[in-house]
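Structure, as structure tokens:
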Amino acid sequence: MGYTIAQKIIKNHLVSGEMKAGAEIGLRIDQTLTQDATGTMAYLQLEAMGIDRVKTELSVAYIDHNTIQAGFENADDHRYIQTVAKKHGVRFSRPGNGICHQVHLERFGAPGKTLIGSDSHTPTAGGIGMLGMGAGGLDVAVAMGGGTYYITMPKIIKINLTGRLGDYVGAKDIILEVLRMLGVKGGVGAVMEYAGEGVRSLSVPQRATITNMGAELGATSSIFPSDELTLAFLRAQGREDVFVPLCPDPDAVYDEEYTVDLSSLKPLAACPHSPDNVKAVSDLSGMKINQVCIGSCTNSSMLDMLTVAAMLKGKTVHPDVSLSISPGSKQVYTMLAECGALADLISAGARILECACGPCIGMGFSPKSAGISLRTFNRNFLARSGTKDAEVYLVSPETAAASALAGVFVDPTTLGKAPEVAMPDSFLVNDNLIELPATEEEAKEVVVERGPNIKPIPVGAAPAENLAAELILKVGDNITTDHIMPAGTKVLPYRSNVPKLSEFCFTVCDKDFPERAKAKGGGIILGGSNYGQGSSREHAALVPLYLGIKAVVAKSFARIHVANLINFGIVPMTLECEEDYDRLAEGDRIYIEGFAEAIRGAERATLVDENNGARVPLKLSLTERQRQILLAGGMLNYTKNSR
């Protein structure tokens, strides 16, 4: 039996375990990336582990999230990351150089390599035939130190693409169709592998848009073949030397298969407040809109920007619409300026933002009260935009541009023939904003600078033999890390200050949660299905740890978040019978007898609700390694004890 693309890469990087779906495997990691919303903590953890020099082939620290400097906090964090990266052997992408995933695709991504990043959209690299995976910052720190990265061996889902996209239908519409078909849990425990004749009609930036939003399926990763189009992209970047061809074996076997006919695809939109709440744009036509945002790591490539510029050229954005455009990288921004497309965007009335994540994480450009915002981003979770009552729709650049001009939702396929836009034969290569690290000898003289906002990392403790605590919060299905630990201009500056950050924990769901948790000394959280979906931000585990959360019980967990909980010593347990969720109420006193003993080796434990006498069976789906991490009080303690 042959191998799929993902299986080939896994096989070549396998350190431990068996390539059997559902089994734990350990992988050697070639490259890592961090960004500044998660990077400060990752490097504090790297230092805490006593690692002097990174051991990966390549590690890059990007500044692209916390770029609004309304106070000293973000600038201090950036200086810390810059100096710690220089000292420990990490390349540093300065503010203004671009969004991590766009820049990494342009300048560092390589087919056949493994990449983990402290950002859930790291699978963007799959557009170039790379196995990219989002991870918590602590897992990235371990990998930078030469450690193994552990995941559950994924099943492989084949998405067969047939036909060819029509005018005004984009790659965003492809991934929205997959989300419509499979939902936000459809990729959990899987790698999405794209194949078929339709693949050959998609450029690397289009492929990267699709793999980027595989994160919204809950997938471990997404990947395309490395073929002649991959080679053309790398050659245009002056990096053809890293090209290797990569395709599945003819007799490769997939766990599931689905087909998307590109020829019949129409423009789609993800409606509030979930990426899988997908409708045809034609069904929304005529709905008045207030704001359009074009950019993010999903749709900020040169191809996307040129497409939008061609549609806006000689026209004016509707007076009731505020349009922002964020080029994905300095390379894209500069080339837009040189070819005149930037002038077309500005003349049409677009407000040009810096090359950063910006509005995608609520970092500026929030919609008006109850505003309708069309965004080419990847997430439309409640309040993520910075305006809690805003209605955010996820659309393609083509739909976004057409609607910005009209002031209402417009199906761009009604506009006739689309302007022809081609990928450039060569890109402008200027890496002057990527700083190389100091040599090992020079590093001895580098002083790491720490601002007053950078506080020590909370460290977990070994679990108590028996757990008695209050069920301090009960939440529903599809709770995201944005619910647990919001982003935005008010919150993100405190990413390196967990005590301050704790004031915002779960406030989207319950504004009194932080104070209640502090007053009661923590407790247990009860969640629904797919608990912790969304961003890889480990703060969604680290802050609950600080607030005294000992365990989370849920119907099911998202992949990255359950790993983060374990890394910080919070025990994730699932309900054996989902109907038991309704038997437990917020405020109930909970008791788990033999709690530590269950962590040591049991597959099950019993939760007793002391208020109503209910006995609820729980499952502990843990590997032996994960049990040892929890017994040590988290990954930091476990790593120190193992050295």
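The values are calculated or read from the model by the stated rules, or taken from the named source; none is laboratory data. As the structure is a prediction and not an experimental result, all values here were calculated from the model. Neighbour counts run over all protein chains shown; Cβ positions are idealised from the backbone, glycine included.
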#### Entry: Residue list for segment 553-583, filter: in contact (Cβ under 8 Å) with a residue 40 or more places away in the chain and aliphatic (A, V, I, L, M)
V553, A558, I560, A563, I566, I570, V571, M573, L575
### Query
Among the listed residues V446, V392, V429, which satisfies the condition of being of a type in the set (A, V, I, L, M) and within 25 Å of M213 (Cβ to Cβ)?
V392
### Message
Taking the conditions exactly as written (modelled with pLDDT of 95 or more and either under 22 Å from the mean Cα position of the chain (by Cα) or not in a strand (DSSP E or B) (or both)), does P359 satisfy them or not?
### Response
no
## Note on the structure
The number of residues in segment 533-568 that are within 22 Å of the chain's Cα centre (by Cα) and either polar (S, T, N, Q) or under 22 Å from Q45 (Cα atoms) (or both) is 23
## Note on the structure
G166 fails exactly one of (1) touching a Leu at 6+ places or on another chain (Cβ under 7 Å); (2) within 27 Å of A236 (Cα to Cα); (3) surrounded by fewer than 24 Cβ atoms within 10 Å (Cβ to Cβ), namely (1)
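Go through segment 606-630 residue by residue and tally those that are among the aliphatic types (A, V, I, L, M) and surrounded by fewer than 18 Cβ atoms within 10 Å (Cβ to Cβ).
Of the residues in segment 606-630, the ones among the aliphatic types (A, V, I, L, M) are 607-608, 614, 616, 618, 620, 622, 629-630.
Among the residues that remain, those that are also surrounded by fewer than 18 Cβ atoms within 10 Å (Cβ to Cβ) are: 608, 614.
Of the residues in segment 606-630, 2 are among the aliphatic types (A, V, I, L, M) and surrounded by fewer than 18 Cβ atoms within 10 Å (Cβ to Cβ).
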### Task
Considering only residues that are of a type in the set (D, E) and under 20 Å from the mean Cα position of the chain (by Cα), look in segment 169-200 and name the one that is surrounded by the fewest Cβ atoms within 10 Å (Cβ to Cβ).
E177
### Query
Which condition number does G112 fail, the rest of (1) closer than 22 Å to C360 by Cα; (2) surrounded by fewer than 21 Cβ atoms within 10 Å (Cβ to Cβ) being met?
(1)
#### Entry: Conditions (1) buried (at least 23 other Cβ atoms within 10 Å of the Cβ); (2) at pLDDT below 95: number failed by G594
(1)
### Query
Filter segment 290-317 for residues that are assigned to a strand (DSSP E or B) and hydrophobic (A, V, I, L, M, F, W, C); which is surrounded by the fewest Cβ atoms within 10 Å (Cβ to Cβ)?
C293
### Query
List pairs: first in segment 473-485 and on the phi > 0 side of the Ramachandran plot, second in a loop (DSSP other than H, G, I, E, B), Cβ under 6 Å, 6+ apart or cross-chain?
N478/N530
### Message
Which numbered condition in (1) more than 22 Å from E24 (Cα to Cα); (2) surrounded by 24 or more Cβ atoms within 10 Å (Cβ to Cβ); (3) of a type in the set (D, E) is the only one that D580 fails?
### Response
(2)
### Query
Going by the conditions given, is F506 within 21 Å of the chain's Cα centre (by Cα), of a type outside the set (S, T, Y) and more than 17 Å from G137 (Cβ to Cβ)?
yes
### Query
Does L234 satisfy the criteria of being under 23 Å from V169 (Cβ atoms), touching a residue at least 24 places away in the same chain (Cβ under 8 Å) and assigned to a helix (DSSP H, G or I)?
no
### Message
It is to be established whether one or more residues within segment 444-457 are free of Cβ contacts under 8 Å to residues at least 12 places away in the same chain, more than 24 Å from L630 (Cβ to Cβ) and surrounded by fewer than 18 Cβ atoms within 10 Å (Cβ to Cβ).
### Response
yes
#### Entry: Positions within segment 384-395 being more than 14 Å from G488 (Cα to Cα) and either under 19 Å from the mean Cα position of the chain (by Cα) or not small (G, A, S) (or both), in sequence order
D389, E391, V392, Y393, L394, V395
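Determine if segment 213-229 includes at least one residue that is crowded, with 19+ Cβ neighbours inside 10 Å, part of a helix (DSSP H, G or I), in contact with a helix residue (DSSP H, G or I) (Cβ under 7 Å, 6 or more places away or on another chain) and of a type in the set (S, T, Y).
No, segment 213-229 contains no residue that is crowded, with 19+ Cβ neighbours inside 10 Å, part of a helix (DSSP H, G or I), in contact with a helix residue (DSSP H, G or I) (Cβ under 7 Å, 6 or more places away or on another chain) and of a type in the set (S, T, Y).
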### Query
Quick one: S329 ticks every box in (1) small (G, A, S); (2) surrounded by 23 or more Cβ atoms within 10 Å (Cβ to Cβ); (3) within 22 Å of Y168 (Cα to Cα) bar one, so which box is it?
(3)
